[in-house]
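For reference, the structure I am asking about is given below.
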Amino acid sequence: MKKRVEFEDSDISFETGSDLQTMAATTRRWLELIGEDVEREGLVDTPARVARAWAFLTRGYQQSLEEVVGGAVFEAEGSEMVVVKDIEFYSMCEHHMLPFFGRVHIGYIPHKKILGLSKFARITDMFARRLQLQERLATQIADAIVEVLDPLGVGVVIEGTHLCMMMRGVEKQQSQTVTSAMRGTFRSDQRTRTEFLELLGR
């Protein structure tokens, strides 16, 4: 029978039992393949720790947009731009399974509905805590906001630092990747897009 691991800093649990045991066994074999002694003191408990860590780092697979948003959609008048800046995110690149991290900036123009501000961070985390591409992450966040709010427009800008570029390959320590996804008036109206980017200081 499967158990569930509850994470102290999250309302997300992870199906465990054979799942985590399999992940731990795979990690143990991985350590052996790179030439490590899995019986030495520092590594004895590492496979289990790695399995729990990856369950946490990929907990976005266990979440749905409906659960994350909950009842935080509210009716509202007006159509002034709302911007939520500097949402920190951490994710794992699907190409090398190395971390990338940075900041997400979200802007939208409401159409009868607004979303509780903390939910933008939760939506970001839901998609970031999966194997990802930065380009896809921006698109998924933008499309999720469109689905939830049906706003007049949405803009998402992500600034990311990728360890796969810093630790291996070209080894460029100061490189940064910027991606964006624009929907509605943010795509069709240059003035709206310019206002959004100016509010971000770009």
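In whole Å and largest first, what semi-axes does the C-alpha gyration tensor of the range 14-122 yield when each eigenvalue is scaled by 5 and square-rooted? Display every interim value, and only then the final one.
Working: eigenvalues 340, 50, 17 Å².
With the √(5λ) rule applied to the range 14-122, the semi-axes are 41, 16, 9 Å.
Separate question: Before rounding to the nearest 500, sum -39500 (n - 2.57) across all DSSP H runs of length at least 4 in the chain and divide by the residue total; then give [θ] at 222 nm in deg cm²/dmol.
Counting only the DSSP helices, I get -11000 deg cm²/dmol.
What is the Å³ per residue value for the convex hull set by the Cα atoms of the chain?
That works out to 136 Å³ per residue.
Let me ask something else about it. What does the charge add up to near A72, with Lys and Arg as +1, Asp and Glu as -1, over the other residues with Cβ less than 10 Å from its Cβ?
+2
Moving on to the next point. Rounded to whole Å and ordered largest first, report the semi-axes of the equivalent ellipsoid of the range 113-202 derived from its Cα gyration tensor (root of 5λ).
26, 17, 10
Within the range 45-82, whose backbone N sits under 20 Å from a point 7 Å along Cα→Cβ of M97?
Within reach of a label on M97, which here means backbone N under 20 Å from a point 7 Å along Cα→Cβ, the range 45-82 contributes 45-62.
Using a cut-off of under 20 Å, list every residue of the range 98-124 whose amide N is near the label point 7 Å from the Cα of D86 along the Cα-to-beta-carbon line.
Hits in the range 98-124 for D86 at 20 Å: 101-108, 117-124.
By how many nm would the segment from R191 to V178 grow when fully extended, if each residue of separation counts as 0.36 nm and the alpha-carbon distance is taken off?
2.6 nm
Run the quick spin-label model on A76 and L199: label points 7 Å from Cα toward the beta carbon, then report their separation in nm to one decimal.
1.0 nm
Net charge within 13 Å of F120 by Cβ-Cβ distance, Lys/Arg positive one each and Asp/Glu negative one each, not counting F120 itself?
Net local charge, F120 excluded: +1.
What do you get for trypsin sites (Lys or Arg not before Pro) in the range 22-102 restricted to DSSP loop and a cutoff of at most 15 other Cβ within 10 Å of the site's Cβ?
Sites meeting the loop and neighbour criteria: R40.
No value in this document is a laboratory result; all are computed from the given coordinates. As the structure is a prediction and not an experimental result, all values here were calculated from the model. Glycine gets a Cβ as well: all are built from the backbone with ideal geometry, and neighbour counts include every protein chain shown.
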